[in-house]
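Peer 1: Submitted below is the structure of interest, expressed as structure tokens.
The values are calculated or read from the model by the stated rules, or taken from the named source; none is laboratory data. On a predicted model such as this, the values are computed, not experimentally measured, just so you know. Virtual Cβ from ideal backbone geometry, glycine too; neighbours counted across all protein chains shown. These accessible areas exclude ligands, DNA and RNA; they are computed on the full protein's heavy atoms, side chains included. Shrake-Rupley method; radii C 1.70, N 1.55, O 1.52, S 1.80 Å.
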Amino acid sequence: MPVSAWGHELENLFLKAGARFGRVEPRRRMRDYVRGLLGPVGRKNGWQLAEYAGHATPDGLQYLLARSRWDADRLRDDLQTYAAEQLGAPEGVLIIDDTGFVKKGITSAGVQRQYSGTAGRTENCQIGVFAAYATSRGHALVDRELYLPTSWTNDRERCRAARIPDERDFTTKNDLARTMVLRAQASTLDFSWVTADSAYGQDSRFRRFLEDTQLSYVVAVPKSQQVHGPRIDHLIAQAPPEAWQRLSAGPGAKGERLYDWAAARLPSVWEFDGGEPTRQRWMLARRRINKPDEIAYYLACAPLEATVGDLVRVAGCRWKVEECFQSAKNECGLDRYEVRRYIGWYRHITLAMLAHIFLAAMAVQEREKGVVRPTHPTSWTSPRQKSVVCWQLNPTAVLHHAYMR
């Protein structure tokens, strides 16, 4: 795409976002900040962003993050509207995940020694819970919340020093996720599916919340997850060979991401579904082709007409939030901030997300013509009724078995 087209689209985005800034100075600084996040700046810290923008010192950009009067949540709402315009499609999926920001010291809002999936170990870090929006057109981060451990929320003086509002009490990551799901539902984002890793999927309250809000889901769960009594790994071990079918979880950097999948319908629950269920619950397993002992497990709730291919598509969307984190950090400075206070974190993260959604929109515009929409494979219902679950069989394996007989 020509550079002039990128510049034109960026100006359009700035016009939409600029309405959230009452004065011309913060509006200009916002533009300089986002341009710096998008530009060829090494570390994307205050000094380097200021130098890229032609400022003598970083004072103006630091003022934008710390003391200028503007609402990062309103800008987030504009970002979601822009995401709906640029990426929106009926098959949209909302993806929930968290990421760590390794920090030194003890004064950055929410920082403490805690497990970071980003680092793969316990680190002195902040944890942000994020929502990403994904369709066949593209994907980008659309919401964020800072997780505050009890070591912070139980120490109000420490919170005030970091400018954390007095009304902000301890909230679990799953509760933060629920808040973001409700916000996304109230926005113009077009989605009916939610996916998340096992940290969220194993929480029955989170799954029930999604069902109560009429959202379908495919969420990862640990192998010890109980399903109507037995563990899910024990149930999956009972799957007949023809229940496994090779399906793509979506395109990756090296082509289609093929795995062997097994899925089974679960019996309805009268307390939740009544006599005429309108949705179907499933359990799902993903097995690596070259390492069959490596199996991932999922629980799902979907419309009655949903197929195994639909579940696999949504489960495969979860990796897209990891790609969002990687690109937002590497290309938009998501983790390259120097702010310590609560409001500064939200402002920097929101501006980095604004830069990231712009890149996602440009990618869509570059490849929009000539896109071939993939079709989703259907599934067959198992004739075996030896289990309370109903296995979905691979049509090819069934036909081969019948022929060999």
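Peer 1: Calculate, in nm to one decimal, what E331 and R163 gain on full extension: separation in residues at 0.36 nm each, minus their alpha carbon distance.
Peer 2: On the way: separation 168, 0.36 × 168 = 60.48 nm, distance 2.87 nm.
Stretched fully, the E331-R163 segment lengthens by 57.6 nm.
Peer 1: Let me ask another. Could you calculate the FRET efficiency of Q114 with Y63 from 1/(1 + (r/R0)^6), where r is the beta carbon distance between them and R0 is 35 Å, rounded to 0.05?
Peer 2: The computed FRET efficiency comes out at 0.70.
Peer 1: Further, regarding this structure: May I ask for the net charge around R336, where only other residues with Cβ less than 13 Å from the Cβ of R336 are counted and Lys, Arg are +1 while Asp, Glu are -1?
Peer 2: Summing Lys/Arg as +1 and Asp/Glu as -1 gives +1.
Peer 1: With contacts defined as alpha carbon pairs under 8 Å and 6 or more residues apart, what's the relative contact order of the stretch 1-155 in percent?
Peer 2: Relative contact order comes out at 17 percent.
Peer 1: How much net charge surrounds L359 when only other residues with a Cβ under 11 Å from its Cβ are counted (Lys, Arg +1; Asp, Glu -1)?
Peer 2: Values: positive: none; negative: E9, E331, E366.
Overall, the nearby charge balance is -3.
Peer 1: What dipole magnitude, in Debye to the nearest 20, does the stretch 45-204 give about its Cα centre under +1 on Lys/Arg Cβ and -1 on Asp/Glu Cβ?
Peer 2: The calculation lands at about 520 debye.
Peer 1: Report the GluC sites (Glu not before Pro) located in the stretch 213-321 that are in a DSSP loop and have at most 15 other Cβ atoms inside 10 Å of their Cβ, or state none.
Peer 2: Working: sites: E242, E256, E271, E294, E305; in loops: E294, E305.
Here the GluC sites (Glu not before Pro) that fit, given the DSSP loop and packing criteria, are E294, E305.
Peer 1: Measure nothing but the geometry: give the 0 to 90° angle between the long axis through the Cα atoms of 173-186 and the longest principal axis through the Cα atoms of the chain, rounded to 10°.
Peer 2: Value to nearest ten degrees: 90.
Peer 1: With every protein chain left in place, what is the accessible area per residue of the chain in square angstrom, probe 1.4 Å?
Peer 2: Details: 19540 Å² over 405 residues.
It amounts to 48 Å² per residue over the chain.
Peer 1: Now for a different question. Pulled fully out, how much extra length does the chain show between I106 and W47, if you take 0.36 nm times their separation in residues and subtract their Cα-Cα distance?
Peer 2: Values: separation 59, 0.36 × 59 = 21.24 nm, distance 2.31 nm.
So the extension gain works out to 18.9 nm.
Peer 1: Now for a different question. With a sphere of radius 13 Å drawn around the Cβ of Q202, what net charge do the other residues whose Cβ falls strictly inside it have (Lys, Arg +1; Asp, Glu -1)?
Peer 2: Charge balance in the 13 Å sphere: +4.
Peer 1: What is the list of residues in the stretch 33-75 whose amide nitrogen lies under 20 Å from a point 7 angstrom out from the Cα of A19, following Cα to Cβ?
Peer 2: 69-75
Peer 1: Over the stretch 111-169, what lengths in whole Å, largest first, do the semi-axes of the equivalent ellipsoid take, defined as the square roots of 5 times the eigenvalues of the alpha-carbon gyration tensor?
Peer 2: 28, 17, 7
Peer 1: Report, to the nearest 10°, how far helix 342-367 tilts away from the longest principal axis of the Cα atoms in the chain, using its own Cα long axis and a range of 0 to 90°.
Peer 2: The answer is roughly 60 degrees.
Peer 1: A further question follows. Using 0.36 nm times the number of residues separating R28 and T153, minus their current alpha carbon distance, what extension gain do you get?
Peer 2: 41.5 nm
Peer 1: Could you tell me how many cubic angstrom of Cα convex hull volume the chain has per residue?
Peer 2: Cα convex hull per residue, to the nearest whole number: 163 Å³.
Peer 1: Each residue of the stretch 27-35 in turn: what ³J(HN,Hα) in whole Hz from Karplus with 6.51, -1.76, 1.60 and θ = phi - 60°, glycine and Pro shown as x?
Peer 2: Going residue by residue, I get 5, 5, 5, 4, 4, 5, 5, 5, 4 Hz, with x marking Gly and Pro.
Peer 1: Please give, to one decimal in nm, the separation of the simple spin-label points placed at L258 and D73, each 7 Å out from Cα toward the Cβ.
Peer 2: 4.9 nm
Peer 1: Give a residue-ordered list of calculated ³J(HN,Hα) values for the stretch 5-15 (Karplus: 6.51 cos²θ - 1.76 cosθ + 1.60, θ = phi - 60°; whole Hz; x for Gly, Pro).
Peer 2: Taking θ as phi minus 60°, the curve returns 5, 4, x, 5, 5, 5, 5, 4, 5, 4, 5 Hz for the stretch 5-15.
Peer 1: Report relative contact order for the chain in percent, whole number only (criteria: Cα-Cα under 8 Å, sequence separation at least 6).
Peer 2: 18 percent
Peer 1: Is there a pair in K44/K254; K104/K320; K254/K320; K103/K254; K44/K104; K44/K329 whose C-alpha atoms are over 22 Å apart, and which pairs would that be? Kindly include the intermediate steps, with their values, before the conclusion.
Peer 2: Details: K44/K254 30 Å; K104/K320 29 Å; K254/K320 15 Å; K103/K254 34 Å; K44/K104 18 Å; K44/K329 10 Å.
Table pairs above 22 Å Cα-Cα are K44/K254; K104/K320; K103/K254.
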